[in-house]
Amino acid sequence: IARPDFEEPDAKQLDFRGSWTAGNIGKWVKLSTYPTVGTKFSKQRYSVEAAEQVERQGIVVGLINGTEGNKIVRETLLKVAPLEKKWLFVSTLSSNLGDAELTELGASSLHRISQDDAAQITVI
C-alpha cells in the first residue's frame, strides 16, 4: 500500500505479509491508514468504534494551543506510541477542533487559555 503523505517514522510503502484472507487484508488496510501519531483529530477516525475495527484498545489525544507546544507533545507521543502498539495516537491543535469536540475530549476550556504551550492529553 502506498502512503505518500506519511512522514518519518512511518514508511511511505507497506507490504502485506499476513495470511491472505478478506478479514486480514481489510484490517491491515484500515490500520495502514493510521500514522504512528496522527496530526488531525476527527471523531470518525479516533472513536472507540474505529479503534475496535483495527483491533486497538484505546486512543491517546494530545491537544495543544500553539505550534511549539504541538511539536513537543508530538515528539513525546512518537516515543510512547511504539511501546503501546494496541493504542492509536493523535496530536492536534485545539484551534482545529469545534466546541463540541473539545467538550467531548474534556478540554472545553483549553482554547480559552492564552498560553501557546498549554496542552492536554486525553485518553479514550
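Per-residue answers, yes or no, for (1) among the small types (Gly, Ala, Ser); (2) over 27 Å from residue 4 (Cβ atoms):
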| position | (1), (2) |
| --- | --- |
| 38 | yes, no |
| 44 | no, no |
| 47 | yes, no |
| 66 | yes, yes |
| 76 | no, no |
| 96 | no, no |
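With the requirement that a residue be loosely packed, with under 15 Cβ neighbours inside 10 Å and either free of Cβ contacts under 8 Å to residues at least 12 places away in the same chain or touching a strand residue (DSSP E or B) at 6+ places or on another chain (Cβ under 8 Å) (or both), what does the range 59-71 give you?
The first filter runs over the range 59-71 and keeps only residues loosely packed, with under 15 Cβ neighbours inside 10 Å, leaving 67-68, 71.
Matches in the range 59-71: 67, 71.
In this structure, residue 77 does not satisfy being open to solvent by less than 50 Å² (accessible area, probe 1.4 Å) and at pLDDT 95 or above. Is it the case that the range 34-52 has a residue that's open to solvent by 50 Å² or more (accessible area, probe 1.4 Å), more than 27 Å from residue 118 (Cα to Cα) and either without any contact (Cβ under 8 Å) to a residue 12 or more places away in the chain or part of a loop (DSSP other than H, G, I, E, B) (or both)? Yes, because at least one residue in the range 34-52 is open to solvent by 50 Å² or more (accessible area, probe 1.4 Å), more than 27 Å from residue 118 (Cα to Cα) and either without any contact (Cβ under 8 Å) to a residue 12 or more places away in the chain or part of a loop (DSSP other than H, G, I, E, B) (or both). Being in contact with a Pro (Cβ under 8 Å, 6 or more places away or on another chain), without any contact (Cβ under 8 Å) to a residue 24 or more places away in the chain and not acidic (Asp, Glu) is a description that does not apply to residue 79.
The values are calculated or read from the model by the stated rules, or taken from the named source; none is laboratory data. Worth saying up front: this structure is predicted, and the values here are computed from it rather than measured. Cβ sites come from the backbone with ideal geometry, for glycine too, and all protein chains shown count toward neighbours. Side chains are part of the model used for accessible areas, which takes the heavy atoms of the whole protein and leaves out ligands, DNA and RNA. Shrake-Rupley method; radii C 1.70, N 1.55, O 1.52, S 1.80 Å.
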